[in-house]
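Reading through the C-alpha cells given below for one structure.
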Amino acid sequence: MAIDTDGPDIRSPFPQRINPHAEKTRIQLAEWVRSTGLVHREAARERFDRADFGWFAAAVYPTADAPQLDLMAEWFAWLFLVDDQLDDGRFGRSPNRMRETVNQMRAVLEGHGRCDAAGPVLPTAVASLADLWERTAPQAAPEWHRRFVRHLEECLRTAAVWEAGNRISGTVPSEETYIANRRHTGAIYVCMDLIEIAERISLPDAVHTSPEFTSALDAACNVVCWTNDVFSLAKERSRGEVHNLVHLVGHHRGLDQRAARDHVCTVIAAETDLFLVAEAKVLTAFPDQTADLVPYTAGMRTWMRGNLDWSRRTKRYHSTADDGVDRPEEYLEAQLMEVER
C-alpha cells in the first residue's frame with residue numbers, strides 16, 4: 001500500500017501551551033539519559049535528540065514547576081526507550097525474556113528491588129526505573145502508588161504478552177480489542193497518573209473509580225493514542241507493525257489508507273466531544289474535589305493538545321527506513337532490558 005503523504009486533519013479545541021522551563025529541561029534530560037546509560041551510542045543519541053521528549057513534556061505539562069517538569073521528561077524518556085525495545089527489538093517477540101524483566105521492574109516498584117552496590121547488577125531500564133521511583137514515590141499517597149504500579153505493570157504486560165503474541169502468531173486484532181488494549185500499550189494511563197505528580201495534587205480512589213471520571217479519562221486517552229497512531233503509521237508500517245488503529249480500520253473495513261486515516265481523524269474529533277461532556281459531568285459530580293479536579297482535567301486537555309503539537313513537530317515519526325540512525329540494530333542499546341550473561 002502506498003503511503004499517503006498529505007498531513008492528517010486533526011484539530012483541537014484546546015489552546016497550545018508550552019512550559020517556560022522547556023529549554024532547561026531539554027538540557028537536563030540529555031544529561032540524565034547519558035548518566036543512567038539509557039542512551040550512550042551515537043546513533044541512539046541522535047535518534048533520541050530528534051524525538052525531543054523535553055519539549056513534549058513541556059507541551060503536556062505546561063504548568064509544572066521546573067523540578068517536576070524535569071521528572072516528567074525523564075519518565076517520558078524511560079517509557080519511550082522501553083517502548084522502542086518492545087516495538088523494534090527482539091524483546092517485542094520474546095515474551096518469556098520480557099517477563100523476567102517486568103518482574104524485576106515490579107520488584108523495584110514494590111520496594112523489593114535493589115540497585116545499590118550490594119545488590120545484583122540490574123538491566124539499565126530497571127536501574128533507571130529505580131532512580132525515577134525513588135524520586136516520585138515520596139510525593140504521592142499509597143493509593144496513588146497502587147494505581148500507578150498497576151497501570152505501569154498493565155502497560156508492560158500487555159505489550160510483552162498481548163502484542164508480542166500477536167506478532168509471533170501473525171494475528172491482526174479486531175478494532176474493539178485493539179482500542180481497549182491500546183490505552184495500556186501506549187502507557188497513557190501512566191502518563192495521566194503523572195498529572196498528579198506534576199501538579200502536586202491528589203485525587204482519592206472514589207473519584208478515580210467513578211464512572212464520570214473513567215469516561216473522561218478514557219476519552220482523553222483515546223484521543224492521545226489514536227492521534228499517535230495517525231502520525232506514526234508510516235514508521236510502523238515500514239516495519240510491518242499491525243498495532244495501529246489506522247491500519248486496522250483499513251484492514252477490517254476494506255478502506256484505502258487515506259479513507260482509513262480520515263475515519264480515524266473523524267472519531268478523534270468525536271472522542272474529543274465525548275471528553276468535554278464527561279469533563280462537565282465529573283466536575284459536577286464531585287464539587288468537593290474541585291481544587292484538584294480542575295487541574296487534573298486541565299491536564300487531560302493539555303495532554304490531548306500537547307501530544308498533537310509534538311506529533312506534528314517531532315522527527316521521531318519522520319525518519320525513513322534507509323536512514324542509518326533509524327535501523328533498530330543501530331539505535332537499540334543492548335543492555336537496556338537485560339544484563340549480558
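Across the chain, the relative contact order, built from alpha-carbon pairs under 8 Å that are at least six residues apart, equals 29 percent. Placing a label point 7 Å from the Cα of R97 along the Cα-to-Cβ direction, the residues of segment 123-166 with a backbone N closer than 15 Å are 123-125, 160-161, 164-165. So, in nm, how far is label K24 from label E176 when the simple model puts each one 7 Å beyond its Cα toward the Cβ? Distance between label points: 5.0 nm.
Each other residue within a Cβ distance under 11 Å of V294 adds +1 if Lys or Arg and -1 if Asp or Glu, for a net charge of -2. Extension gain for the segment T290 to D273, taken as residue separation times 0.36 nm less the Cα-Cα distance, is 4.0 nm to one decimal.
Protection proxy ranking of 201-210, 244-253, by the mean of other Cβ atoms within 10 Å over each peptide's residues and highest first, is 244-253, 201-210. As a calculated quantity, the FRET efficiency between D131 and R200 at R0 = 25 Å, using C-beta atoms, amounts to about 0.80.
Report note on the peptides 11-19, 98-106, 122-130: ranked by the mean count of other C-beta atoms within 10 Å, highest first, their order is 122-130, 98-106, 11-19.
Within a Cβ distance under 9 Å of W32, other residues only, what is the Lys/Arg minus Asp/Glu net charge? With Lys, Arg at +1 and Asp, Glu at -1, the net is -3. Taking the Cα centre of the chain as origin and assigning +1 to Lys and Arg Cβ atoms and -1 to Asp and Glu Cβ atoms, the resulting dipole is close to 260 debye.
Summing charges over neighbours of E74, with a neighbour being any other residue whose Cβ is under 11 Å away from its Cβ, gives -2 when K and R count +1 and D and E count -1. A Förster radius of 25 Å, combined with the Cβ-Cβ distance separating Q16 from T266, puts the computed FRET efficiency at roughly 0.65.
Note on the chain: dipole from Cβ charges, positive end direction compared against N166, N244, W32; the farthest Cα belongs to N166. Helical runs assigned H by DSSP (4 residues or longer) give the chain a calculated mean residue ellipticity at 222 nm of -21500 deg cm²/dmol, each run adding -39500 (n - 2.57) before division by the residue total.
Overall, the anisotropy analysis places segment 218-272 in the oblate class: the square-rooted eigenvalues a ≥ b ≥ c of its C-alpha gyration tensor yield a/c not less than 1.5, with a/b not exceeding b/c. Taking 7 Å steps out from each Cα toward its Cβ at T63 and H252 produces label points 3.7 nm apart.
Readers should treat all values here as calculations from the given coordinates under stated rules, not as data from a laboratory. Everything quoted here is computed from the prediction, not taken from an experiment. With ideal geometry, Cβ positions are generated from the backbone for all residues, glycine too; neighbour counts draw on all protein chains shown.
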